[in-house]
Amino acid sequence: MILDPTTGLPVAPGEIGELARRTDNLPNGYYKDPEKTRKLIRYYHNQSWLMSGDLAQLDADGTFHFVGRGSECINTGGEKVYPEEVENLLIQLPGVKMAGITATPDDRWGELVTAVIQLDEHKNLSEQQIIDFTQDKISGYKRPKRVIFVDEFPTTLIGKPHYRALRELAAQTAITQQETA
């Protein structure tokens with residue numbers, strides 16, 4: 001089931017919500033931590049549901065689509081951006097070996113969508129070429145506003161983008177750019 005993370009109610013087909021599941025072995029919650037327990041377990045129709053932290057969308061035909069991790073969601077100007085959606089688009093651009101999306105703080109928008117890109121060997125793409133590639137493929141608020149090129153792309157042990165390392169890299173790059181401006 002996909003529930004609205006705010007209301008705890010099922011979302012309509014096509015809407016994004018948090019994936020919830022029921023099993024016979026649901027935990028009672030976190031020991032002496034009712035706040036964490038409220039985030040982990042929701043109740044709907046007198047049944048307890050375990051919230052996964054994964055965001056998903058349900059089509060009208062009943063097909064589930066994984067959208068991304070809720071903890072990695074970027075809030076830019078009140079709009080939600082799920083990194084996986086933008087990453088999946090950017091790796092389609094010839095010359096892009098790895099792509100990760102993270103946020104950098106911004107006074108006006110709250111957070112800016114920032115792409116961290118590792119290019120294929122002997123490829124040369126500019127920041128503007130990366131941004132232009134997304135022009136007609138995703139909504140404007142989802143498009144990267146900054147692009148950081150790296151020689152070594154931070155990944156987890158299973159080869160997925162290491163989001164904490166991406167955030168730290170983007171923050172450090174932003175500080176360095178401010179100092180040199």
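The values are calculated or read from the model by the stated rules, or taken from the named source; none is laboratory data. As the structure is a computational prediction, the values presented were derived from the model and not from experiment. Heads up, the Cβs are rebuilt from the backbone with ideal geometry, glycines too, and the neighbour counts pull from every protein chain shown.
Kindly establish whether Leu119 is touching a Gly at 6+ places or on another chain (Cβ under 6 Å), more than 18 Å from Glu79 (Cα to Cα), hydrophobic (A, V, I, L, M, F, W, C) and at pLDDT 95 or above.
Yes: the conditions hold for Leu119.
What is the residue count in the stretch 151-165 for residues that are buried (at least 16 other Cβ atoms within 10 Å of the Cβ) and under 19 Å from Asp120 (Cβ atoms)?
Of the residues in the stretch 151-165, 3 are buried (at least 16 other Cβ atoms within 10 Å of the Cβ) and under 19 Å from Asp120 (Cβ atoms).
Could you give me the residue pairs with C-beta distances under 6 Å whose first residue belongs to the stretch 16-33 and is among the hydroxyl-bearing types (Ser, Thr, Tyr), whose second residue is surrounded by fewer than 19 Cβ atoms within 10 Å (Cβ to Cβ) wherever it lies, and which are 6+ apart or on separate chains?
Hits for this filter: Tyr30/Lys36; Tyr30/Thr37.
Answer with yes or no whether Asp61 is farther than 20 Å from Val81 by Cβ, surrounded by fewer than 16 Cβ atoms within 10 Å (Cβ to Cβ) and not hydrophobic (A, V, I, L, M, F, W, C).
Spelling it out, Asp61 is indeed farther than 20 Å from Val81 by Cβ, surrounded by fewer than 16 Cβ atoms within 10 Å (Cβ to Cβ) and not hydrophobic (A, V, I, L, M, F, W, C).
For Ile91, which of the numbered conditions (1) within 26 Å of Arg164 (Cβ to Cβ); (2) buried (at least 18 other Cβ atoms within 10 Å of the Cβ) fails to hold?
(2)
Output the strands (runs of 3 or more DSSP E) that fall wholly within the stretch 37-116 and possess 1 or more residues being modelled with pLDDT of 95 or more and either among the basic types (Lys, Arg) or farther than 17 Å from Ala170 by Cβ (or both), or say none.
Qualifying strands (runs of 3 or more DSSP E): 96-106.
Looking only at the stretch 1-56, count every residue that is β-branched (Val, Ile, Thr) and out of contact with any Leu (no Cβ under 8 Å at 6 or more places or on another chain) and tell me the total.
Of the residues in that region, 3 qualify.
For the stretch 125-137, give me the residue count where each residue is modelled with pLDDT of 95 or more and within 20 Å of the chain's Cα centre (by Cα).
Matching residues across the stretch 125-137 total 5.
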